[in-house]
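Below is one structure, written out as C-alpha cells; comments come after it.
What follows is calculated from the coordinates using simple rules that are stated; it is not laboratory data. Predicted model, so just to flag it, every value in this text is computed and none were measured. All Cβ positions, even for glycine, are placed from backbone atoms using ideal geometry, and neighbour counts span all protein chains on display.
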Amino acid sequence: MDFELTEDQRLLNDSVSRLLADRYAFDARRGYIKSAQGWSQEMWEKYAELGLLGLPFPEEYGGFGGGAVDIMMVMEAFGRSLVVEPFLATVVLGGSAIKYAGNEAQKGEILPQIVDGSLKLGWAHGEQQARYDLTDVLTTATKDGSGWVLEGAKSVVLHGDCADMLVVSARTGGDRMDKEGLTLFLVPANTPGVARRGYAMRDGTRAAEISLSTVKLGPEAVLGTVGDAYGIIERVTQAGIAAFAAETVGACEAAHTMTLDYLRTRVQFGRPIGTNQVLQHKAADMLIEVEQARSMAMLAAMMVDEEDAAERTRNISMAKVGVGQSGRFVTQNSVQLHGGIGMTEEYAVGHYFRRVMVFEHSWGDSAYHLGLLADQVG
C-alpha cells in the first residue's frame, strides 16, 4: 500500500502548517480561549479561505472531494497547535452525518454553508446515563401530525454552545437499548424549546449541555430514514475517533519535540540533563510510541470509508486503544521530564496532556474498546 502523500496533500499540509505557525502560537491560543466564544472567528474564516471546511465534501456542494487521509493531515496539524475552533464538531461529526444520511435538498442547503464557514453544527447524541453506549438514548421524538416533537437532553455536545444547527438523535421506536428505533433530526439552535449551557472542558475546548423541551419540528427535519439511524450514528462516531486520533498524534509529536528541546537546554550540575542516559532512553521510548500512534491513526483513517461494518468497527477500536495508550505514555512522560514547569498553566506541555486525556475518554476509553475487541474474538 502506498503511504506517500500526493502533491495536493503536500501543498495542503504545508499551507495549514504555515498558517498555524504564523497565527497560533501558544500565547495566541490562550487569548482565543479567553475570548467570549472561546475560539477565534478570524481563524475560522481563514480555514474557510484555505478550503479546510470543505475538505471532505463533494465538489458539487463547493467542497474538495477529499478523504479521511486529508482530514488526518489537517487534524495532526491542529493537534500540534492545540486548535480550539469547532472543526471536529462541524466538519467531521455534523458534516459526516449530513454526507452519509442527508437527502439532496439537505445536502444542497447545508454543505455549502459549512464550506463557506457560515454554518456551524453540533453532534448531539451522547446522554448522561449512556456513558459510551451508542444505543442508550432516552430522548424521544413523537409524531405530531406530519411533524415531530422532541423531548430529552444531550450531554457534552462539542461546541454545542456556538452551533447554529444541532444534529440530534432521538428514539422514535423500540426500547431504551435497542439499535432499532433511532432517528436523526436537524434542529436549528434557535428553535423554541432548545436550551443550551456552554462550558469549557478541561483542555480548553468548548462543549454544552442541551435541553429539549417540546421542540416542534416539521417533516423536513428528519435526517435519513426514520428508525434506522444507528448505522449512521456508528459511522459518525468512528469518523470522529479517526479524526481525533490524528489530532492526538499531532499533540504527542509536539509534546515530544518540546521535551527534547528541554532536555537539551535544561542544565543541572554543569551539563544538560539530556546527557543522562536514562533520560535519553525515555525520550527514545516516547518517539517509538509517537510513531506507533501515527500508524494506528493511519489505520483508523483508512477504515473510515470501509463498507464492511465489522471490519471497520474492529480496526477503529484497535486504533482507539493504540493511540490512547501511546498518547498517555508520551504526554505523561513529557510532563514528568519537564519537572515542576510541566505542571504550570503558562507552559504548553501540560495542555497537550489534557488534550490527549480528553481523547482517551471520548467515545469509549481504552478499557471499553478492549472489551469490544474481546467480545469480537469471543
* Structure fact -> Residues whose built amide H sits under 5 Å from the amide H of GLY122, excluding neighbours closer than 5 in sequence, are MET165, LEU166, VAL167
* Structure fact -> Helix-only [θ] at 222 nm, the chain, -39500 (n - 2.57) per DSSP H run of 4+, per residue, nearest 500, equals -16500 deg cm²/dmol
* For the range 7-120, rounded, prolate or oblate, judged on the Cα gyration tensor with a ≥ b ≥ c (square roots of eigenvalues), a/c < 1.5 rounded, else prolate if a/b > b/c? -> oblate
* Asked: Which shape class, rounded, prolate or oblate, goes with the range 128-286 when its Cα gyration tensor gives a ≥ b ≥ c as root eigenvalues, a/c under 1.5 marks rounded, and past that a/b bigger than b/c marks prolate?
  -> prolate
* **Two-site label geometry, ASP22 and ALA367: point separation in nm, points 7 Å out along Cα→Cβ** => 4.7 nm
* Structure fact -> With label points set 7 Å from each Cα along the Cα-to-Cβ direction at SER295 and LEU11, the distance between them in nm comes to 3.3 nm
* Shape of the chain, Cα gyration tensor, a/c cut at 1.5 -> prolate
* Asked: If you build a Gaussian network model of the chain, linking Cα atoms that sit under 10 Å apart, which residue out of PRO192, PRO56, PRO86 swings the most?
  -> PRO192
* If you build a Gaussian network model of the chain, linking Cα atoms that sit under 10 Å apart, which residue out of THR191, THR248, THR331 swings the most? -> THR191
* Asked: Quick one: Cα centre-to-centre distance for the range 178-253 and the range 329-367, in angstrom?
  -> 26 Å
* To do: Just grab the label-to-label distance for VAL278 and ARG197, each label 7 Å out from Cα along the Cβ direction, in nm (one decimal).
  => 4.7 nm
* Asked: Rounded to the nearest 0.05, what FRET efficiency is calculated for ASP285 and SER146 with R0 set to 51 Å and r the Cβ-Cβ distance?
  -> 0.25
* **Antiparallel bridges, percent of DSSP beta bridges restricted to the chain (to nearest 5)** => 85 percent
* **Amide proton proximity set for HIS361, modelled H, under 5 Å, gap of 5+** => none
